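I have placed the structure first, in the form of structure tokens, so that the comments after it can refer back to it.
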Amino acid sequence: MCGIAGWYRREGRPVVASVITAQCNSILHRGPDDSGILTEGDFGFGMRRLSILDIDGGHQPMETPDGRYAIVFNGEIFNHLEVREPLIAAGYEFVTHSDTETILAAFARWGNDAWAKLEGMFAVAIWDRQQRSLTLARDPLGIKPLYISEQGGGLSFASELKALRLVPGHRFEVDDRAVHDYFRFGHVRRPRSIFRQVTSLDPGHFLTIGAQGGGKIGRYWQPRFQTTAPLSEGEWVEQMRDMLRSTTARHMQADVPVAAFLSGGIDSSAILAAMTMASGQPIKAFTIGHPGSAIDETDAARRIAAHLGCEHIVAPLDMGDAMGRLPHILACYDEPFADMAAIPTWFASQLAAQHVKVVLCGEGGDELFAGYKRHRNARGVERLRPLIGDGERLSSMVGALPVTGSKRVNVLRQHARRFGEFAGLADGYQQFFAATEISSGFLRKQLFTDDFWSQHEGEQSYARLEQEYFPAGDAPRTSALNQFLFADLTLNMPSAMLPRLDRASMAHSLEARVPFLSHKLVDWAMTVPEDLKLRGRTGKYILRQAIKPWLPQDIAKRPKQGFQIPMADWLRGGFGKFARDTWHDSGVADRGYLDGKAVERLFDEHQAGAADHSKMLYAITAFALWSQRERSMPLAELAAYAG
């Protein structure tokens, strides 16, 4: 696992080693064990390495024996020994046990056809001295980040935004569309970043740029729903077990100890159970608890760990911990990021990093096997549509109800209005956008300034978003549930879920692996019938059936809890004062995005229990912290990275 960065300046303009060194120093946390750079003429790249596999032999940049190709690489390839077999048969002589050398040899032999052969997580940069061309590639699901910026006739790239900002002469201007993304969805949606001049390379894609002309992008993989020969339910469940055990075993390859995150839910429990069977030895498992909160899953996690014979390490998280560390936690993202689960993920990573370098995690199980409430809602709307029509009547009736003194009634009123709006949407893609919003159009109309609303809301209808992200001919036209799953997997995962895990773990020099997101397991999951994913109101049905023999009897029946924190309660306590003070001190009210009086009303309504505005208030707080850091940052702090 590493962080990588580089700059192809082109036109014969020299890239000095100090720039690449500064870029790599800025992401030291991603790889404190080793470093290396290569500069020659108008090109340079480098890396910081967290040594996991072939600790002595995996130094980068690495070159082919003939010196034509050089590589820097962030990630792990779990089938690299299999990939080596035809290369060895063709006469290639490997000199290390590193997966880096496997990628390099594969690219030298197969070019861009190599990427689809790799099972793992990766962001790769390969320099071709002979052609003076640079190739970048990103893993199929977007587990590892890769940002790019084409400015001044050249191209720069990095694992994190902060490393791009050290390239001389580059501009970084806030993208208002990205700000709108953020206040609508809680994050900036791929391929955008918060800056107009920076995008991310999409998952399953590669980019090649030569000495002249623009970069050329190609796609080597995408998920596809497929049908297979009919199987019985028992046969499907047995395949699920086999896939989970074999994929998890491959993800445990390392020359250092491997542990796991354990939330107490189905996905992390399934991974931990499979790890225990593959290892035959006790596995360390790490849990973050919320003492005294209804969302605390510590007891369930303890029972699972005890049943599996694991060494279980638990740390409590309270409001004071979160409040004190929040500016530091959010700084790892380099842009506004309002996923509240980033907080426990950061603390879980801090805890694990005190013991190990590698953890396996359960991300992806919900997206593959219909684990979210929104998936049940999509199915429910299809079945209820004959009764509720297009949803407008229900939404209007609920909207006419008065606000009461009951917090529970007011929250139910909010949810009923949103459900009515949801029911009126055309298909699963549009329902996906509605369900993953952190704010309704009704709320944004109140919250945004008139100018910001008029510039962005009219053009961002659900239908237009569907056309942008899931155009006809490029995205499957299938059931609403399958469309939902496809959107979760290809848009929400690389935009929110995976950045959350990558930045929080790498902030502590911890490698986080996600077996559910092996593209081989994803390909198989896309063949599983809908009814085995969502059976009645039970999501992840096939996964629950598969792990029944592995865990305590009641665990497979537990409802989804999620990696949560009690933010709604915190915002009615001391955290609310912290959030409001942060908003006041940030100057965001003068940026032209949000109406200051409307924000104050939001705080007041939440405090009084008239509504649950926790998602938006947390988003405002996170944006205010990012804005403060952005204003105070810079050149002195960036210069510090250069030493």
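Being open to solvent by 10 Å² or more (accessible area, probe 1.4 Å) and either of a type in the set (K, R) or more than 28 Å from the chain's Cα centre (by Cα) (or both) is true for just one of D113, D66. Which residue is that? One residue alone meets the criteria, D66. Within this structure, I88 fails the test of being at pLDDT below 95 and either within 26 Å of V258 (Cα to Cα) or surrounded by fewer than 24 Cβ atoms within 10 Å (Cβ to Cβ) (or both). Being without any contact (Cβ under 8 Å) to a residue 40 or more places away in the chain, open to solvent by less than 10 Å² (accessible area, probe 1.4 Å) and not in a loop (DSSP other than H, G, I, E, B) is a description that applies to I103. Checking V95, V72, V15 one by one, the residue that is open to solvent by 50 Å² or more (accessible area, probe 1.4 Å) and of a type in the set (A, V, I, L, M) is V95 and no other. In the range 342-369, how many residues are open to solvent by 10 Å² or more (accessible area, probe 1.4 Å) and not in a helix (DSSP H, G or I)? Final tally of qualifying residues: 6.
Going residue by residue through the range 43-55, is there one that turns out to be open to solvent by less than 10 Å² (accessible area, probe 1.4 Å) and part of a helix (DSSP H, G or I)? Looking for residues that are open to solvent by less than 10 Å² (accessible area, probe 1.4 Å) and part of a helix (DSSP H, G or I), one finds none in the range 43-55, hence no.
Taking the criterion of being without any contact (Cβ under 8 Å) to a residue 24 or more places away in the chain, over 16 Å from G204 (Cα atoms) and of a type outside the set (K, R), the residues of the range 106-129 that qualify are A106, W110.
Could we say that E335 is modelled with pLDDT of 95 or more and open to solvent by 50 Å² or more (accessible area, probe 1.4 Å) here? Spell out the reasoning first.
Details: modelled with pLDDT of 95 or more: yes; open to solvent by 50 Å² or more (accessible area, probe 1.4 Å): no.
When the stated conditions are applied, E335 does not pass them.
The residue of the range 280-298 that is most open to solvent (accessible area, probe 1.4 Å), among those that are out of contact with any strand residue (DSSP E or B) (no Cβ under 8 Å at 6 or more places or on another chain) and touching a residue at least 12 places away in the same chain (Cβ under 8 Å), is A294.
State which residue pairs qualify: first residue within 23 Å of E367 (Cβ to Cβ) and free of Cβ contacts under 8 Å to residues at least 40 places away in the same chain and inside the range 433-458, second residue surrounded by fewer than 19 Cβ atoms within 10 Å (Cβ to Cβ) and among the small types (G, A, S) in any location, beta carbons under 9 Å apart, and separation of 6 or more residues or different chains. If the second residue must be surrounded by fewer than 19 Cβ atoms within 10 Å (Cβ to Cβ) and among the small types (G, A, S), the pairs left are A434/S440.
Report the residue count in the range 267-304 for those that are of a type in the set (A, V, I, L, M, F, W, C), out of contact with any Ser or Thr (no Cβ under 7 Å at 6 or more places or on another chain) and within 26 Å of M319 (Cα to Cα). Counting residues in the range 267-304 that are of a type in the set (A, V, I, L, M, F, W, C), out of contact with any Ser or Thr (no Cβ under 7 Å at 6 or more places or on another chain) and within 26 Å of M319 (Cα to Cα) gives 6.
Any residue at all in the range 170-190 that is assigned to a helix (DSSP H, G or I) and surrounded by fewer than 19 Cβ atoms within 10 Å (Cβ to Cβ)?
Looking only at the range 170-190, we keep the residues that are assigned to a helix (DSSP H, G or I), and these are 176-185.
Filter again for surrounded by fewer than 19 Cβ atoms within 10 Å (Cβ to Cβ), leaving 176-177.
Checked the range 170-190: at least one residue is assigned to a helix (DSSP H, G or I) and surrounded by fewer than 19 Cβ atoms within 10 Å (Cβ to Cβ).
Tallying residues that are within 19 Å of I438 (Cα to Cα), at pLDDT 90 or above and either assigned to a loop (DSSP other than H, G, I, E, B) or touching a Cys at 6+ places or on another chain (Cβ under 7 Å) (or both) within the range 540-580 yields 1.
Would you call I143 in contact with a Ser or Thr (Cβ under 8 Å, 6 or more places away or on another chain), within 23 Å of E76 (Cβ to Cβ) and touching a residue at least 24 places away in the same chain (Cβ under 8 Å)? When the stated conditions are applied, I143 does not pass them.
Among residues of the range 182-198 that are over 13 Å from A622 (Cα atoms), those with a Cβ under 9 angstrom from a residue that is of a type in the set (K, R) and in a strand (DSSP E or B), sequence gap 6+ or separate chain, pair up as V198/R192. Checked against (1) surrounded by 21 or more Cβ atoms within 10 Å (Cβ to Cβ); (2) among the basic types (K, R); (3) free of Cβ contacts under 8 Å to residues at least 24 places away in the same chain, R544 passes all but condition (3). Residue count for the range 106-144 under the criterion of being out of contact with any helix residue (DSSP H, G or I) (no Cβ under 7 Å at 6 or more places or on another chain) and either part of a helix (DSSP H, G or I) or of a type in the set (A, V, I, L, M, F, W, C) (or both): the result is 14.
The values are calculated or read from the model by the stated rules, or taken from the named source; none is laboratory data. Owing to the predicted nature of the structure, the values given are computational and were not obtained by experimental measurement. Virtual Cβ from ideal backbone geometry, glycine too; neighbours counted across all protein chains shown. Please note that ligands, DNA and RNA were not included when accessible areas were found on the heavy atoms of the full protein model with its side chains. Shrake-Rupley method; radii C 1.70, N 1.55, O 1.52, S 1.80 Å.
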